Structures are given as structure tokens and as C-alpha cells.
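Beneath this line is the structure, given in C-alpha cells, with notes to follow.
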Amino acid sequence: VVLAPRLAARPAPDEIVHLLLVGHDLPALAAVDELGLPVRRDAWRGQPMALTVFDARCDACARDVAGLVGVLAARGVDDRVRLRAVVLADTQVELDALRALTPLPVAAWRVARTDGVGLLGALDGRVDGVVLVADGDGRIRYAAAASSGELAHDGACQVVTGLIAPALPR
């Protein structure tokens, strides 16, 4: 048997993230807030939400959160969107250690690594974290690899602006 393989370029991390996440609902993750209290499921819905999801071992991802906050603030939409860092960490101590090293400018929700690894693990070994924007119903409307930096933030800001446009004063 003679086989002729068809070669194609491997999709970029952003393409993989987009294909796997956009259009799907945010996964039902059991999260804990900064005080160690369970996050209610309705806290994931109700208004647009910009999330950065990353493993607590990725301090570069934690530093990158400020970039997203800065872009949203510069465009004047930060007060119309809920901003969260969803950090995959097995213990509150691990999250606190990350926050001591790299202060997060937004509230952080901790998700057990075993629960959240399905979200990041299904992506690509080259993706340390993702930037997501979900609408008020919890449907993911934008996803990019956190490593895309300013481009990911700009895209997230454009989607947030589109989601809140009907509510903006004319």
C-alpha cells in the first residue's frame, strides 16, 4: 500500500483556541473566590465577562492580566464588563503565593487544577493561558491565547465594546 500524506500547516495557538472555545458556553467550573468561598453559578452570568484563565505556575500569565485591564480601561469599557482572573491552583496557598509574587489587578477565582486542566489541556501545549470574553448568557464570544499579548487584549476589547454597545448612551 502506498500512501501519499497531505501536509498542512499546523494552526496557530490563537486559531486552535478560537476553534475549540468560541460559540460554546463557559464550562461549569467549581470556583472559589479570594476569601475561599464558593463562587455562585450566577456570578458567571448576567453581564459580559472578560476572563484570563491560566495555571498558577505561569507567572508571566499573571503579569499579563494588567495588560488586559489597561486596554479595557483605556477604551473606557472596564466598568461595563466583569473582569476576572481564573487561576488553576490546587490550594489557596498556591494562589496566595502567586498573588504575593505578582499582584493581580482584578479579582481572582481559583479552580482546582484537575477541574480546569480540561479547558487548557484540550488546547495546545504551547498555550499557557487564554483570554476569554463571554456574553451575559455565559457563551464564549472571543478567545485568544494569552501569549498573544496586546493583540489578544485589543480583540477582547473590541468584542466587549460590541457586547455593550446597545447599552451605551447615544
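Identify all residues within the stretch 75-117 that are of a type in the set (A, V, I, L, M), out of contact with any helix residue (DSSP H, G or I) (no Cβ under 8 Å at 6 or more places or on another chain) and open to solvent by 40 Å² or more (accessible area, probe 1.4 Å); write none if there are none.
Once the filter is applied, which keeps residues that are of a type in the set (A, V, I, L, M), out of contact with any helix residue (DSSP H, G or I) (no Cβ under 8 Å at 6 or more places or on another chain) and open to solvent by 40 Å² or more (accessible area, probe 1.4 Å), the stretch 75-117 yields Val93, Ala97, Ala100, Val117.
Only one of (1) at pLDDT 90 or above; (2) surrounded by 18 or more Cβ atoms within 10 Å (Cβ to Cβ); (3) under 15 Å from Val159 (Cα atoms) fails for Asp137. Which number is that?
Here Asp137 clears every test but (2).
For the stretch 52-73, which positions are among the aliphatic types (A, V, I, L, M), in contact (Cβ under 8 Å) with a residue 24 or more places away in the chain and open to solvent by 10 Å² or more (accessible area, probe 1.4 Å)?
Ala56, Ala60, Ala66, Val69, Val71
Within the stretch 1-32, how many residues turn out to be surrounded by fewer than 16 Cβ atoms within 10 Å (Cβ to Cβ) and of a type in the set (Asp, Glu)?
Matching residues across the stretch 1-32 total 2.
Among Ala108, Ala62, Ala144, Ala74, which is the only one that is closer than 21 Å to Ile164 by Cβ and under 15 Å from the mean Cα position of the chain (by Cα)?
Numbers: Ala108 fails: closer than 21 Å to Ile164 by Cβ; Ala62 fails: closer than 21 Å to Ile164 by Cβ; Ala74 fails: under 15 Å from the mean Cα position of the chain (by Cα).
The unique qualifying residue is Ala144.
Quick one: how many residues across the stretch 143-162 are open to solvent by 20 Å² or more (accessible area, probe 1.4 Å) and closer than 21 Å to Ala60 by Cβ?
Going through the stretch 143-162 one residue at a time, the tally reaches 5.
The values are calculated or read from the model by the stated rules, or taken from the named source; none is laboratory data. It should be emphasised that the depicted structure is a prediction, and the values quoted were computed from it without experimental measurement. Cβ: placed from backbone, ideal geometry, glycine included. Neighbour counts: every protein chain shown. Areas reflect the complete protein model, heavy atoms only, side chains present, ligands, DNA and RNA absent. Shrake-Rupley method; radii C 1.70, N 1.55, O 1.52, S 1.80 Å.
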